[in-house]
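What follows draws every value from the coordinates through simple rules; no lab data is involved. Fair warning: this is a prediction, and the values are worked out from it, not measured in the lab. Every residue, glycine as well, gets a Cβ built from its backbone with ideal geometry; the counts of neighbours run over all protein chains shown.
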Amino acid sequence: MDLLWAGLREALRLLATGDPEVVTILLLSLQVSGLATLISLIVGVPAGAALALMRFPGRTLVVSAVNAGMGLPPVVVGLFVTLLLWRSGPLGAWEILYTPAAIVVAQALIAAPIVMGITLAAVQNVPEKFRLQLLGLGASRLQMVHVVLREARLPMLAAVMAGFGGIISEIGASMMVGGNIKGQTRTLTTAMVLETGKGNFEIAIALSLLLLVLVFGVNWALTAVQQRRVW
Amino acid sequence: MPPMARIALALLVSVISWASAGAQTPASNVVLSTTTSTQDSGLLDVLVPLFEKQSGLTVKPVSVGTGQALALAARGEADVVLVHAPSLEKKYVADGKLLNRRLVMYNDFIIVGPEADPAKIRGEPRAAAALAKIAAAGARFVSRGDKSGTHILEQALWKEAGVTPAAPWYIESGQGMGATLGIADDRRAYTLTDRGTYLAFSKRMALKTLVEGDKALFNVYSVMEVNPANGARVNAAGGKAFADFMLAPATQAVIKTFGVEKFGQPLFVPIAGKKDEDL
């Protein structure tokens with residue numbers, strides 16, 4: 001119990017004093033996972049919407065693959081991204097292994113199927129009759145998709161929350177492709193593993209509290225938007 | 001373009017330029033392949049900024065098990081190696097994968113175990129003899145089991161003791177030193193650990209130091225440069241600069257006093273210029 005209280009005190013102290021190392025780690029985690037979420041939205045929303053509206057042979061197989069991809073193990077993504085980005089790998093010339101960019105790539109790959117899957121479900125929930133009606137009223141196909149996406153925008157906020165929540169708390173890929181380098185690629189989760197390994201449990205607890213507050217804060221903001229239906 | 005999309009685009013452009021800012025010209029990056037113990041002890045956090053300031057280069061320390069650290073270097077994925085498994089290192093040097101092996105520092109391993117000491121090893125001068133007693137008593141022993149430098153030494157000691165350790169008394173954690181100590185403490189088992197990690201954890205554990213001082217328990221760290229022939233992108237000059245830095249008198253002075261403030265005793269003994277035979 002004493003350790004938990006010590007962790008809580010340490011967390012408050014680190015936050016109150018604006019400890020530069022913790023601030024760097026916090027900002028990096030936010031930037032990396034924020035950018036990765038953004039990329040996964042740019043890729044996942046159109047892909048998920050297209051998959052929801054299109055009918056083609058083998059579609060069930062593709063939808064199953066997307067749904068399975070929602071549970072893609074981060075450590076598997078980490079391993080394959082590492083192999084691709086190795087100096088001797090096919091993308092070695094980019095020289096981005098052990099940089100924040102590499103973590104962004106891996107996390108975007110983890111979040112994209114989540115965003116795709118939730119978008120797919122959200123768009124499919126818009127009744128088909130509504131879509132047909134729009135087309136019947138003379139909307140072009142693009143206009144129809146636009147209106148359907150507007151209808152589905154609230155459930156799609158869940159996609160943002162699930163995607164961001166999944167990757168900010170992910171550890172396997174960040175560790176492998178980032179390397180947990182101090183001041184460069186050390187994120188909240190990799191720092192937590194390191195501090196636990198060092199025996200600095202107070203700092204590890206402090207970091208985990210920060211992570212929980214961060215995840216809660218982001219979800220709270222998005223939920224507020226979703227529930228108030230402001231847009 | 002709707003305002004939301006415009007904001008998103010601006011955000012994307014700014015963050016991409018930020019993310020790619022990390023990727024400098026290759027020649028200014030040095031990838032250091034090293035073991036978890038150098039990072040967990042906090043030594044790298046002190047030495048790396050010093051080197052970066054002196055050389056203007058950026059170091060990317062990748063801390064993995066010794067086995068992986070050497071394998072990465074042999075593939076040309078790193079520029080310089082700092083590890084602690086002399087027998088394995090010599091193999092890589094003999095194969096021409098790594099060059100110019102130089103001793104940097106040592107610390108020592110200890111065998112820790114429960115206060116009750118069921119195998120009666122307390123004060124045993126020879127580490128291998130202590131392991132033989134543990135095996136004979138069937139007392140629990142937690143192994144790293146991860147091809148780390150610590151694990152490789154442990155395997156050599158079992159061989160010397162003439163024992164093939166096996167379940168149920170032999171437990172393989174597959175984790176780092178800190179986690180392994182935690183398991184040993186929980187199971188009231190023996191384990192082999194480096195002194196630095198043990199000191200960092202000792203205040204939270206009931207494990208006691210039972211065997212120490214055997215020469216076989218010396219943990220020697222060497223630095224080696226990666227042969228540029230291992231891969232087209234090896235930064236040989238940067239790797240050599242870091243290796244030279246580790247042996248410079250000023251760096252060795254920092255190593256000598258590292259840990260005193262936190263643990264009341266230094267964690268490493270600098271030995272630049274010494275040979276294996278001198279120890």
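A few notes on this one:
- Against the main long axis of the alpha-carbon atoms of chain B, helix B:43-55 sits at an angle near 30°.
- Taking a straight Cα-Cα cut-off under 27 Å and skipping sequence neighbours fewer than 8 places away in the same chain, the lysines within cross-link reach of B:Lys262 are A:Lys182, A:Lys198, B:Lys53, B:Lys60, B:Lys203, B:Lys208, B:Lys215.
- Considering only beta bridges that DSSP places wholly inside chain B, some 60 percent are antiparallel.
- Translational diffusion of chain B, estimated by Stokes-Einstein from the Kirkwood radius over alpha carbon pairs at 4 °C in a medium of 1.567 mPa s, is 64 µm² per second.
- Compactness of chain A was expressed as the Cα radius of gyration divided by 2.2 N^0.38 Å, which yields 1.18.
- Net charge of neighbours whose Cβ lies under 15 Å from the Cβ of B:Val234, counting Lys and Arg as +1 and Asp and Glu as -1: +2
- Between B:Arg188 and B:Lys262, the FRET efficiency from the beta-carbon distance, with R0 = 35 Å, is close to 0.80.
- Among A:Leu12, B:Leu88, the order by Cβ neighbours within 10 angstrom, fewest to most, reads A:Leu12, B:Leu88.
- Computed over neighbours whose Cβ is under 14 Å from that of A:Val148, the net charge equals +3, Lys and Arg +1, Asp and Glu -1.
- The fraction of all Cα pairs in the protein assembly as shown landing in successive 10 Å bins from 0 to the largest distance is 4, 17, 24, 23, 16, 9, 5, 2, 0, 0, given as whole percents.
- Dimensions (Å) - region B:136-279, Cα atoms, principal axes, largest first: 51, 39, 29
- For B:Glu172, the residues whose modelled amide H falls within less than 5 Å of its own, excluding neighbours fewer than 5 places apart on the same chain, are B:Ser143.
- Using a Förster distance of 25 Å, the FRET efficiency for B:Lys275-B:Ala237 (Cβ separation, nearest 0.05): 0.45
- Using θ = phi - 60° in the Karplus curve 6.51 cos²θ - 1.76 cosθ + 1.60, the 3J(HN,Hα) couplings for region B:244-256 round to 4, 4, 4, 9, 5, x, 5, 5, 4, 5, 5, 4, 4 Hz; x is entered for Gly and Pro.
- DSSP beta bridges confined to region B:108-217 are antiparallel in about 60 percent of cases.
- Dividing the summed -39500 (n - 2.57) terms of all DSSP H runs of n ≥ 4 by the residue count of chain B sets its mean residue ellipticity at 222 nm at -13000 deg cm²/dmol.
- From most to least packed by mean Cβ count within 10 Å, the peptides A:194-203, A:58-67 give A:194-203, A:58-67.
- Amide hydrogen neighbours beyond the local backbone of B:Val30, cut-off 5 Å, H modeled: B:Thr58, B:Val59, B:Lys60
- Taking the number of Cβ atoms within 10 Å of each Cβ as an exposure proxy, the fewest-first ranking of B:Lys159, B:Lys60 is B:Lys159, B:Lys60.
- Cβ-based net charge around B:Glu115, under 12 Å, with every Lys or Arg adding one and every Asp or Glu removing one: +1
- Distribution of pairwise C-alpha distances over region B:179-264, 5 Å bins, in %: 2, 11, 15, 14, 15, 12, 12, 10, 7, 2, 0
- P(r), alpha carbons of region A:148-231 - 10 Å bins starting at zero, rounded %: 17, 37, 25, 16, 5, 0
- Under Karplus coefficients 6.51, -1.76 and 1.60, residue-wise ³J(HN,Hα) of region A:133-150 in Hz, glycine/proline x: 4, 4, 5, x, 7, x, 6, 6, 4, 5, 5, 4, 4, 4, 5, 4, 5, 4
- Spin-label model, B:Val163 to B:Asp117: label points 7 Å out along the Cα-to-beta-carbon direction sit 1.6 nm apart.
- Region B:108-217: C-alpha gyration tensor shape, a/c 1.5 cut-off, then a/b vs b/c: rounded
- Compactness check for region A:1-69: Cα Rg over 2.2 N^0.38 Å is 1.94.
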